[in-house]
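Visitor: Below is one structure. I have some questions about it.
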Amino acid sequence: MGEQNSPNSTGAADRDLTSLTAAQLAAGLTAGEYSSTEVTRAHLDRIEATEAQIGSFITVTPDAALAAAADVDRRRAAGEELHPYAGVPVALKDLVVTQGIRTTAGSKILEDWVPPYDATVYAKIRAAGLPVLGKTNLDEFAMGSTTEHSAFHVTRNPWDTDTVPGGSSGGAASAAAAFQAPLSVGTDTGGSVRQPAAFTGTVGVKPTYGSVSRYGIIAMASSLDQVGPIGRTVADAAALHQLMAGHDPHDSTSLREPVPDFLAAAAAGTREGSLKGRRLGVVKQIMSDGCASGVAAAFDRVLALAEAAGAEIVEVDMPSLSYALDAYYLLMPSEVSSNLARYDGMRFGLRVEPETGPVTAETVMAATRAAGFGSEIKRRILLGTYALSAGYYDAYYGSAQKVRTLVQRDFAAAFEQADVLVSPTAATTALPFGEEESGDPMALYVGDSSTIPANLAGIPGMSLPAGLAEGMPVGFQLLAPAREDARLYEVGAAVEALVSADRGGPVWQSAPTQYSSEAAAATATNA
């Protein structure tokens with residue numbers, strides 16, 4: 001792991017601070033109940049106490065975080081006008097480029113890379129005065145759905161350390177679920193924010209494509225990638241999303257539109273009767289594939305609660321979704337092949353020269369990529385290169401783009417029948433380690449088919465906790481039309497309130513807060 005100069009523990013008060021939501025922390029900071037230094041120190045101590053068991057981070061940055069917190073405290077004491085969430089700590093997925101702090105993408109090929117510039121989202125977070133606790137673990141270059149494909153170590157699910165946290169933003173989601181950070185930044189290419197949120201009992205949002213800048217986000221598949229917030233509540237996700245959103249001239253795909261008030265939308269969702277008359281569309285193609293009984297029961301329970309609150313439940317037919325997964329697994333590796341061509345051992349990152357034979361650009365590139373990329377990356381590069389090759393481009397990549405258009409049209413038709421579309425985020429709860437390779441392929445297919453269509457269409461999606469199945473979190477997914485992210489937050493907050501009232505408290509409050517020495521030993525053995 002990276003620098004680990006954590007300060008000494010400050011006792012029971014720290015545990016209380018780490019159990020607060022970002023909104024509660026922001027209110028307490030504004031009221032002067034505690035300082036940002038105290039809040040940041042509490043979370044750093046929490047990381048130090050639990051990181052051996054969870055493995056959320058690749059790099060922890062205590063010195064930088066405490067310096068940022070002290071600066072916020074000084075400015076607040078001087079009476080300066082600050083961002084409402086100034087002083088609330090945040091964790092960043094290690095795809096976010098950070099000047100002066102190593103950024104690895106979870107890969108050996110960038111293991112020691114220290115960027116010379118900042119990603120736009122990081123620049124906004126720093127300008128708002130949110131201390132950054134560190135960089136979280138991920139599947140290498142965001143390619144995976146379990147965070148088992150990191151080049152450094154696995155990340156474990158705080159709810160059950162024998163299970164995965166999902167991926168590729170598994171480290172970011174686990175940090176929030178384990179009370180190591182109140183907020184996290186992830187990226188979502190085919191569900192990589194929403195699926196980990198489902199597995200860890202957190203709230204994860206994939207914004208409308210282009211509403212949050214991708215400048216300085218290490219690319220996987222440029223037409224699918226989107227930065228998104230992770231928090232323990234809908235309001236917390238709304239606050240971080242609003243901070244990060246907005247037009248960026250550095251990003252040619254950035255939308256030139258005002259940022260809606262996502263926090264106000266979330267607040268509106270908590271008012272009595274906010275779901276009355278809302279049409280919730282259940283997508284026939286997602287539900288027809290089936291899912292685990294506990295997941296289905298939790299999903300049906302939320303639908304019943306929403307219907308009792310005045311929502312209308314309608315079934316929506318989207319035939320093109322039967323082909324969405326196939327299209328995604330042609331488009332995504334094709335863009336991966338193109339984006340990862342820059343890692344050649346010449347310009348930055350790892351450089352490996354061949355042990356024998358001439359040292360040429362071609363041999364250095366081959367040796368570097370062989371040593372620096374993991375097996376999953378190599379498989380996707382090969383598949384994408386094949387799909388883009390002469391003679392196959394139209395048959396594969398071109399056909400997949402046509403399916404993408406059909407998916408977009410089906411979504412447009414679906415949103416004429418429903419205000420939001422709903423489904424389980426994933427067909428199962430968190431999987432045991434190794435299940436991705438040896439488990440039921442159909443279960444993995446169903447999970448992917450729930451989240452991937454939103455990326456193909458560029459629409460916003462949210463996963464929030466629907467309850468528990470056999471003690472593990474179940475995710476409830478909401479999808480809205482493009483540019484209607486505020487609608488997600490309004491409906492999401494309403495659903496969150498229904499679930500909380502039904503259970504007698506928020507799902508995230510049931511998450512374990514302590515980990516046994518046996519779990520720590522198992523993590524150390526398998527890392």
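The values are calculated or read from the model by the stated rules, or taken from the named source; none is laboratory data. Quick caveat: nothing in here was measured; it's all calculated off a predicted structure. Cβ placement follows ideal geometry from the backbone for every residue including glycine, while neighbour counts extend to all protein chains displayed.
Visitor: Can you list residue pairs whose Cβ atoms sit under 6 Å apart, with the first residue in the range 12-34 being within 16 Å of residue 509 (Cβ to Cβ) and modelled with pLDDT of 95 or more and the second being in a helix (DSSP H, G or I) and among the small types (Gly, Ala, Ser)? Count only pairs 6 or more apart in sequence or on different chains.
Guide: 17/42; 18/42; 23/235
Visitor: Kindly provide the set of residues from the range 307-321 that are touching a strand residue (DSSP E or B) at 6+ places or on another chain (Cβ under 6 Å) and either modelled with pLDDT under 95 or surrounded by 13 or more Cβ atoms within 10 Å (Cβ to Cβ) (or both), ordered by number. So that I can check it myself, show each step before the final result.
Guide: Within the range 307-321, the subset touching a strand residue (DSSP E or B) at 6+ places or on another chain (Cβ under 6 Å) is 307, 311-316, 318.
Answer for the range 307-321, where residues must be touching a strand residue (DSSP E or B) at 6+ places or on another chain (Cβ under 6 Å) and either modelled with pLDDT under 95 or surrounded by 13 or more Cβ atoms within 10 Å (Cβ to Cβ) (or both): 307, 311, 312, 313, 314, 316, 318.
Visitor: Are there any pairs, at least 6 apart or on different chains, whose C-beta atoms fall under 6 Å, with the first in the range 279-304 and on the phi < 0 side of the Ramachandran plot and the second surrounded by 18 or more Cβ atoms within 10 Å (Cβ to Cβ) and polar (S, T, N, Q), and if so, which?
Guide: 283/423; 286/423; 286/450; 292/428
Visitor: For the range 249-262, state whether one or more residues are under 17 Å from residue 140 (Cα atoms), out of contact with any strand residue (DSSP E or B) (no Cβ under 7 Å at 6 or more places or on another chain) and modelled with pLDDT of 95 or more. Quick ask: steps written out before the conclusion?
Guide: If we filter the range 249-262 for residues that are under 17 Å from residue 140 (Cα atoms), which is where we start, we get none.
Within the range 249-262 (the criterion being under 17 Å from residue 140 (Cα atoms), out of contact with any strand residue (DSSP E or B) (no Cβ under 7 Å at 6 or more places or on another chain) and modelled with pLDDT of 95 or more), the answer is no, since none of the residues qualifies.
Visitor: Now, a different point. Could you list, in sequence order, all residues of the range 385-401 that are under 20 Å from residue 455 (Cα atoms) and exposed (fewer than 13 other Cβ atoms within 10 Å of the Cβ)?
Guide: Passing the criteria: only 398.
Let's see how each residue does on (1) outside any strand (DSSP E or B); (2) under 17 Å from the mean Cα position of the chain (by Cα); (3) of a type in the set (A, V, I, L, M):
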{"site": "65", "(1), (2), (3)": "yes, no, yes"}
{"site": "73", "(1), (2), (3)": "yes, no, no"}
{"site": "146", "(1), (2), (3)": "yes, yes, no"}
{"site": "150", "(1), (2), (3)": "yes, yes, no"}
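Visitor: Find the residue count for the range 396-428, including only residues that are at pLDDT below 95 and touching an Asp or Glu at 6+ places or on another chain (Cβ under 8 Å).
Guide: 1
Visitor: OK, next. Hey, among the residues in the range 95-134 that are among the hydrophobic types (A, V, I, L, M, F, W, C) and in a loop (DSSP other than H, G, I, E, B), which one's surrounded by the fewest Cβ atoms within 10 Å (Cβ to Cβ)?
Guide: Within the range 95-134, the first condition is being among the hydrophobic types (A, V, I, L, M, F, W, C), and the residues that meet it are 95-97, 101, 105, 109-110, 113-114, 119, 121, 123, 125, 127-128, 130, 132-133.
Right, trim to in a loop (DSSP other than H, G, I, E, B) and you get 95, 97, 105, 113-114, 119, 130.
Numbers: 95: 29, 97: 23, 105: 33, 113: 17, 114: 12, 119: 27, 130: 29.
Of everything passing the filter in the range 95-134, 114 is surrounded by the fewest Cβ atoms within 10 Å (Cβ to Cβ).
Visitor: Turning to a different aspect of this structure: Here is a list: 298, 324, 266. Which entry is surrounded by 14 or more Cβ atoms within 10 Å (Cβ to Cβ), in contact with a helix residue (DSSP H, G or I) (Cβ under 7 Å, 6 or more places away or on another chain) and within 22 Å of residue 496 (Cα to Cα)?
Guide: The conditions single out 266.
Visitor: I've got another one for you. So if I check each of 97, 114, 132, which one is under 24 Å from residue 348 (Cβ atoms) and either of a type in the set (D, E, K, R) or free of Cβ contacts under 8 Å to residues at least 40 places away in the same chain (or both)?
Guide: On inspection, the qualifying residue turns out to be 114.
Visitor: Of all residues in the range 39-76, how many are over 30 Å from residue 154 (Cβ atoms) and either out of contact with any helix residue (DSSP H, G or I) (no Cβ under 7 Å at 6 or more places or on another chain) or among the aromatic types (Phe, Trp, Tyr) (or both)?
Guide: 5
Visitor: Working carefully through the options 225, 162, 251, find the one that is buried (at least 24 other Cβ atoms within 10 Å of the Cβ), in contact with a Phe, Trp or Tyr (Cβ under 9 Å, 6 or more places away or on another chain) and among the acidic types (Asp, Glu).
Guide: Step by step, each of 225, 162, 251 is checked, and only 225 is buried (at least 24 other Cβ atoms within 10 Å of the Cβ), in contact with a Phe, Trp or Tyr (Cβ under 9 Å, 6 or more places away or on another chain) and among the acidic types (Asp, Glu).
Visitor: Note down all Cβ pairs under 7 Å where the first residue falls in the range 141-153 and is under 16 Å from residue 110 (Cβ atoms), the second is of a type in the set (Ser, Thr, Tyr) and not in a loop (DSSP other than H, G, I, E, B), and they're at least six residues apart or on different chains.
Guide: If the second residue must be of a type in the set (Ser, Thr, Tyr) and not in a loop (DSSP other than H, G, I, E, B), the pairs left are 142/187.
Visitor: Could you list all residues from the range 58-85 that are surrounded by fewer than 24 Cβ atoms within 10 Å (Cβ to Cβ), over 30 Å from residue 110 (Cα atoms) and not hydrophobic (A, V, I, L, M, F, W, C)?
Guide: 71, 73, 74, 75, 76, 79, 80, 81, 83, 84, listed by residue number.
Visitor: Here is a check on your reading of the model: is residue 91 closer than 30 Å to residue 375 by Cβ and in a strand (DSSP E or B)? Before you say what the answer is, go through the steps one by one.
Guide: On the way: closer than 30 Å to residue 375 by Cβ: yes; in a strand (DSSP E or B): yes.
Yes: the conditions hold for residue 91.
Visitor: Something else: Take the residues of the range 142-158 that are in contact with a helix residue (DSSP H, G or I) (Cβ under 7 Å, 6 or more places away or on another chain) and under 18 Å from residue 48 (Cα atoms): which is surrounded by the most Cβ atoms within 10 Å (Cβ to Cβ)?
Guide: Among those residues, the one meeting the criterion is 155.
Visitor: Among the residues of the range 18-42, which ones are assigned to a loop (DSSP other than H, G, I, E, B) and either under 21 Å from residue 62 (Cβ atoms) or acidic (Asp, Glu) (or both)?
Guide: Of the residues in the range 18-42, the ones assigned to a loop (DSSP other than H, G, I, E, B) are 19-21, 32-35.
Passing the criteria: 19, 20, 33, 34, 35.
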